[in-house]
Amino acid sequence: MTAARVTIVGGGLAGITAALDCAREGASVTLLETRGRLGGAAYSFTHNGLRADNGQHVFLRCCTAYRALLEDLDATRCVTMQPHLEIAVLAPGGKRAWLRRSELPAPLHLAAALLRYPFLSFRQRIAVARAMQSLRRINPDDPRADELSFGDWLRQHGQDPRAIEAVWNLIARPTLNLEATAASLAQAAQVFQLGLLADKAAGDIGHACVPLSEIHDQAAQAALAKAGVNVRLRAGATMIVPTGSGFRTEIGAAPPMESDSLILAVPPDRAARLLPAAAGLDARSFARLGRSAIVNLHIVYDRQVLDVPFAAGVQTPVQWVFDRTQSAHCNEGQYLVVSLSAADDDLAATGDELRAKYLHEITELLPDAGDASVITFFVTREHSATFRAAPGARAWRPAARTHLRGLALAGAWTDTGWPATMEGAVRSGHVAAREVMDAAPWAGPVPESASVEVSRNRDGELAGSGA
């Protein structure tokens with residue numbers, strides 16, 4: 001019996017995941033990637049001898065799909081995970097607090113840390129605890145909750161601007177890439193419930209201890225080759241044509257590819273250009289998801305100025321700062337990355353303007369930085385880092401399934417129920433693989449371990465199906 005031929009367009013985490021799933025089921029898989037590397041939006045590059053990541057990507061213990069992918073890539077040794085959630089929170093004047101979890105069951109595991117949190121009054125801490133309890137009762141899959149503003153909900157539950165900045169934005173901003181006040185209530189509820197309120201260990205933080213491309217490119221290519229996937233780099237699809245028996249993928253000047261099934265695992269703007277009309281999706285609606293930027297400041301000091309692996313900032317524009325000295329193979333001083341989510345206001349600023357603004361702010365948080373010299377300073381910008389998880393956004397996120405049997409969508413922007421994270425990308429790849437393999441009667445279904453429930457819209461129909 002002839003193996004199913006599957007083409008994967010896009011070599012990010014969604015495409016890598018889908019390719020491995022389909023190959024495990026006996027399909028003949030070709031993965032096309034327009035760049036000269038895999039990894040999509042989570043990659044590394046070299047700058048003045050530093051192996052820098054394009055941005056600081058972290059994951060939580062609850063990110064089970066991404067952690068399973070690391071095992072598939074034989075890359076678990078390339079990451080580190082906190083044994084217990086522990087976040088240093090810095091404020092101007094060198095003030096420091098700790099958010100640590102205990103061994104009590106959730107949500108009591110955070111009670112002691114919240115009660116000792118110095119950046120809120122006692123009354124504000126009690127109000128935050130009550131709001132957390134109320135947030136547990138929100139159904140993240142309720143379309144009505146998605147249409148509501150998290151900011152309005154917070155204000156209705158007694159959260160003033162100081163509490164929003166000192167607690168809610170610490171989690172919402174890096175996970176949703178939006179200010180808490182601008183986010184969808186449903187999406188915020190999903191993040192807080194799954195990461196902090198359901199299981200005591202769910203929010204433990206993990207991150208790469210090597211450059212990201214060693215995981216998402218080098219290890220991924222090795223795993224794909226072992227699985228028998230044909231990876232073609234610098235082979236960008238220019239057109240997808242349904243043929244009746246499958247799909248023809250045009251690849252610039254190269255010969256076209258014929259396949260029985262196809263997974264389109266690319267960003268929404270490129271998906272809009274490539275999707276055949278017969279897929280039954282209004283690709284113009286993808287633009288309604290909007291975009292939210294991330295800016296990263298890369299700073300090498302001539303000495304150590306930060307004594308923890310990472311820290312969050314309050315009462316300051318510095319959101320999160322990470323020590324990447326070891327992972328970047330920095331042999332001189334200390335290499336810090338300041339990660340700025342929802343950074344649309346900083347996009348237009350020049351490097352010199354960002355340097356003048358943020359070096360001063362860092363010195364306010366890290367007094368040792370005042371006596372240190374800056375060896376290197378550069379900026380990376382992701383103008384369209386994620387879609388905007390704003391009220392009503394989920395209605396515009398398409399499901400994996402299209403009207404063309406054998407054609408599926410994947411990507412963190414599709415309707416996984418998760419925000420635009422590495423976990424969401426991997427989950428989307430599993431769903432897309434299941435869709436195309438189930439559409440091939442000669443192939444077995446994707447194993448249950450790779451199964452992720454397809455999200456549905458308010459009418460119970462597959463979102464994006466055009467029903």
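Residue exposure proxy: Cys62, Cys22, ordered by other Cβ atoms within 10 angstrom of their Cβ from fewest to most, comes out as Cys62, Cys22.
Relative contact order of segment 102-202, taken over Cα pairs closer than 8 Å and 6 or more residues apart, is 37 percent.
Taking the DSSP beta bridges with both ends in the chain, the antiparallel portion is around 75 percent.
Return the ratio Rg/(2.2 N^0.38 Å) for segment 102-202, where Rg is computed over Cα atoms only. Walk me through the numbers before you get to the answer.
Working: Rg = 12.7 Å, N = 101, 2.2 N^0.38 = 12.7 Å.
My calculation over the Cα atoms of segment 102-202 gives 1.00.
Are there any helices in the chain, counted as whole DSSP H runs, that stretch 18 Å or more along their axis by Cα and score at least -0.5 on average by Kyte-Doolittle, and if so which?
Working: long enough: 122-135 (20 Å, 0.09); 351-365 (21 Å, -0.69); 422-438 (24 Å, -0.15).
TM-like helix candidates: 122-135, 422-438.
How high is the relative contact order of the chain, given as a whole-number percent (alpha carbon pairs under 8 Å, six or more residues apart)?
Numbers: 1052 pairs, mean separation 107.9, N = 467.
So the answer I get is 23 percent.
Neighbour counts of other Cβ atoms within 10 Å put Trp320, Trp413, Trp168 in the fewest-to-most order Trp320, Trp168, Trp413. Note on segment 24-99: Cα Rg divided by 2.2 N^0.38 Å, N the number of residues, gives 1.57. Annotation: the residues Thr414, Thr7, Thr34, sorted from fewest to most other C-beta atoms within 10 Å of their own C-beta, follow the order Thr34, Thr7, Thr414. Relative contact order of segment 1-129, taken over Cα pairs closer than 8 Å and 6 or more residues apart, is 12 percent.
Every number in this text was worked out from the coordinates using simple rules, so none of it is lab data. Here the structure is a predicted model, which means the values were calculated and not measured. Virtual Cβ from ideal backbone geometry, glycine too; neighbours counted across all protein chains shown.
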